[in-house]
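Structure first, then comments.
The values are calculated or read from the model by the stated rules, or taken from the named source; none is laboratory data. What you see is a predicted model; the values in this text were computed from it and never measured. For neighbour counting, all protein chains shown are included, and Cβ atoms are generated from backbone atoms with ideal geometry for every residue, glycine included. Surface areas here come from the heavy atoms of the whole protein model, side chains and all, with no ligands, DNA or RNA. Shrake-Rupley method; radii C 1.70, N 1.55, O 1.52, S 1.80 Å.
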Amino acid sequence: MVAGNTNVAIIEIKDIHKVYKMGDTEVRALNGVSLSIEPGEFVAIMGASGSGKSTMLQILGLLDTPTSGSYKLMEREVATLVEDDLAAIRSQTLGFIFQMFNLLARTSSTEQVSLPLLYSDPSLPHDDPKRLLEMVGLGERMDHKPNELSGGQQQRVAIARALINKPKLILADEPTGNLDSKSSEDVIDFLGKMNASGITVVLVTHEPDIATHARRIVTMKDGKVLSDVENPQSTITAPAKVESPTLKENLQKKWSFNFSWRQYQWRQFNAYFRQAFRALIANKVRSGLSVLGILIGVAAVIAMLAVGTGAQKSLEQQLSSLGTNLIMLMPGSLQVGGVQQGVGGTSRITLQDVDAIASVPMVKRVAPEVSSKVQVTYADKNWNTSLTGTTPNYAEMKSYQPIYGRFFTMDDVQHRNRVCLLGITVIKNLFGENANPVGQWIKINRVNFQVIGVLPVKGSNGFMDRDDAIVVPVTTAMYRLLGRLYVNYVDVEADSSDDTGPAGDAVKAFMMKLKHIPNLPGNDGAFQIRNMADIQATLSASTQIMTILLSSIAAISLLVGGIGIMNIMLVSVTERTREIGLRKAIGARRLDILSQFLIESVAVSVMGGAMGIVLGWSITLLVSKFAGWNTVVTPSSVLLAFGFSALVGILFGIWPAHKASRLSPIMALRYE
Ligand code: ADP
Ligand code: MG
């Protein structure tokens, strides 16, 4: 003990037991150890392998808690404190030196030495990393990484790291165990210098050569202190004067377990972010693959939403260009005597009925529609398309004035002339790009037709190509081509757009009367009236469903990407268990570890998200350019995809990060 020292003990343990349970058997690593160490001492703990030296040092260093017994560190009982409080005390008062150095891979010496500062209270005294590195003789090796340093140099970096927070106590577990004799001497030299400056040193070693430097030698055997003697041969000078260090009074408050943003500082976030980036770069392929998972998911979300929104937009445009005073009349179903019949029955509509509807008040004009899928051929070309049979009114009512040639006339209708107008998709497929088909003869379902005009370009809405169409006189369609007696629906134009409601009712009532259908509640569905607003609503609802469907598929791929991230993060946590242990040993709290891994997973997913947005957008542009679909990338879909990817990172990162933060420091350090 230091001569003439009247200080109270810096370490005082009483009757410490440590029992490791391994299944049914118990290992009594410490079996009632009592020891008191005063400030300024240089103590070596010796003993055979398995005698409990490391266990003892870990308890002294607050990396592990005793099974029973009391531990007063700087006059404060610490045996019962919770993990985060222990972390705070470690960071404030202790410096560790390990046999295995425990440096972070791919990290410069300066950063290694500064690492404990990340977890300590910046208002407490601390040293300068550069000064410390110069002190241990590594002024020239500041930017070197562990794989660029010799074992002795690595241990000197670790010594500098142990000193950064100006500790009162240095704990070293076999610090020379992996070193040659010259480097071992250096290490002992540094420990001696620290001790001379007033720092208490506790050194575990099994080598008598090393222990002989200490001023006090404690020998352990089977978890008990065998002997505790002063060493007159010690080469290390005792510090001239030592003070009794105390633990900061406000420790509990300052480092409460509760999360507080004031504690959580920007510098930490910044450092975690750099670390995350370094970890990602270190495992390029692995990170690349998990980025890819999110990338694909986000790109899919963006593209799907763009196509869906685009389809809806163009649908709205098309519908509004049709004019708002159009009504559609369709045969419905009829209940006679309680029996529901299929579509038709007496509610079928003939061409005569269509003419009759024109005389209903508030109705301006009408056009029948007969439609069917047909096969058209020209020379050796074949094409399947949709055919509409109608009357000349159709051209004006639905803006189908031909861009080339002419529409058919009433004369054509009366004579059932075999004339037709083609949409550009049909022309493209039968005649080729930019060909002029007017005047040519084609076959529709093997009947010869002359092309008299080209239909205006209507575009596609993503699901349906409206230029894939043929229009022929209604009579030709019904009697020459399809063999039908009834029309599919009737387009009715009201006098004004305000009249569509009453006009629809009037048309319906007229048809009921015309067909002698009694006005009973069961017959209400005999004829169906749709105005443009109804149609618009139905169609937007269906494109909306389509969009939701596509987006859910995209979301599922994002989910799969998230699971990929979780997988990678779990691997990463396992791989870096020792690193986590080291961080905890030098003062990291659970929140620090949690943040570090969470930031890493969010970085992966956000990176994937950003790249996914770019890719999704490009796909969207390609789709509109080559497929001709209308697509709209909205800011909200970009935000949604980005937010979703960040959320995926948090959700799927939280479990691995939580797992990492709960690792016990000593278990993590010992992990192999
Ligand atoms: P020393 O450092 O003196 O070689 P340790 O303190 O490491 O000894 O170990 C003391 C005893 O406790 C040994 O018998 C060892 O097998 C046992 N032991 C140490 N750590 C554990 C553990 N985590 N689980 C089970 N037994 C352990
Ligand atoms: Mg040991």
Karplus couplings for the stretch 653-668 from phi (6.51 cos²θ - 1.76 cosθ + 1.60, θ = phi - 60°), rounded to Hz, Gly and Pro as x?
x, 5, 5, x, 5, 5, 4, 5, 5, 8, 4, 6, x, 6, 4, 5
Kirkwood Rh, the stretch 83-201, all Cα pairs: how many Å?
14.2 Å
On the accessible surface of the stretch 362-500, probed at 1.4 Å with all protein chains in place, carbon and sulfur together account for a percent value of 44 percent
How large, in Å, is the chain by the Kirkwood hydrodynamic radius built from its alpha-carbon pairs?
32.2 Å
With every protein chain left in place and a probe of 1.4 Å, what is the accessible surface of Ile403, to the nearest 10 Å²?
110 Å²
Relative contact order, percent, of the stretch 568-672 when contacts are C-alpha pairs under 8 Å separated by at least 6 residues?
57 percent
Can you tell me the relative contact order of the chain? Whole percent, Cα pairs under 8 Å, sequence separation 6 or more.
17 percent
Two pseudo-spin positions, 7 Å from Cα along C-beta at Glu575 and at Ala533, lie apart in nanometres by 6.2 nm
Measuring with a 1.4 Å probe in the full set of protein chains, what accessible area per residue, in whole Å², belongs to the chain?
45 Å²
For the ranges 357-365, 58-66, what's the packing order if you count other beta-carbon atoms within 10 Å of each residue, average per peptide, and put the highest first?
58-66, 357-365
Estimated inter-spin distance, Lys373 and Tyr20, nm [label 7 Å along Cα→Cβ]
7.4 nm
In what sequence, largest accessible area first, do Glu243, Glu26 appear using a 1.4 Å probe?
Glu243, Glu26
Expressed as a percent, the accessible surface of the stretch 113-156 that is carbon or sulfur, using a 1.4 Å probe and the full set of protein chains, is 46 percent
Of the lysine pairs in the stretch 362-500, how many meet both conditions: Cα atoms under 21 Å apart, and a spacing of 8 or more in sequence or different chains?
11
Evaluate the Kirkwood expression for the hydrodynamic radius of the stretch 362-500, namely the inverse of the mean inverse distance over all pairs of different C-alpha atoms, and round to one decimal in Å.
15.2 Å
Given a cut-off of 29 Å, name the pairs among Lys14/Lys166; Lys53/Lys584; Lys53/Lys193; Lys182/Lys284; Lys221/Lys241 whose C-alpha atoms lie farther apart than that in the structure shown.
Lys182/Lys284; Lys221/Lys241
Percent of C-alpha pairs per 5 Å bin, the stretch 435-495, short to long:
4, 12, 19, 19, 22, 17, 6, 1, 0
Placing +1 on each Lys and Arg Cβ and -1 on each Asp and Glu Cβ in the chain, then taking the dipole about the Cα centre, the residue among Pro656, Gln596, Leu149 whose Cα reaches farthest towards the positive end is Pro656
Counting DSSP beta bridges with both partners in the chain, what percentage is antiparallel, nearest 5?
70 percent
antiparallel share of DSSP beta bridges within the stretch 362-500, to nearest 5, in %, is 75 percent
For Phe42, tell me the accessible area in Å² from a 1.4 Å probe, rounded to the nearest 10.
0 Å²
The stretch 362-500: relative contact order as a whole-number percent, Cα under 8 Å and 6+ apart
36 percent
Looking at the stretch 86-137, which trypsin sites (Lys or Arg not before Pro) are in a loop (DSSP not H, G, I, E or B) and have at most 13 other Cβ atoms within 10 Å?
Arg106
Using a 1.4 Å probe on the protein heavy atoms only, what accessible surface does Asp180 show? Give it in Å² to the nearest 10.
90 Å²
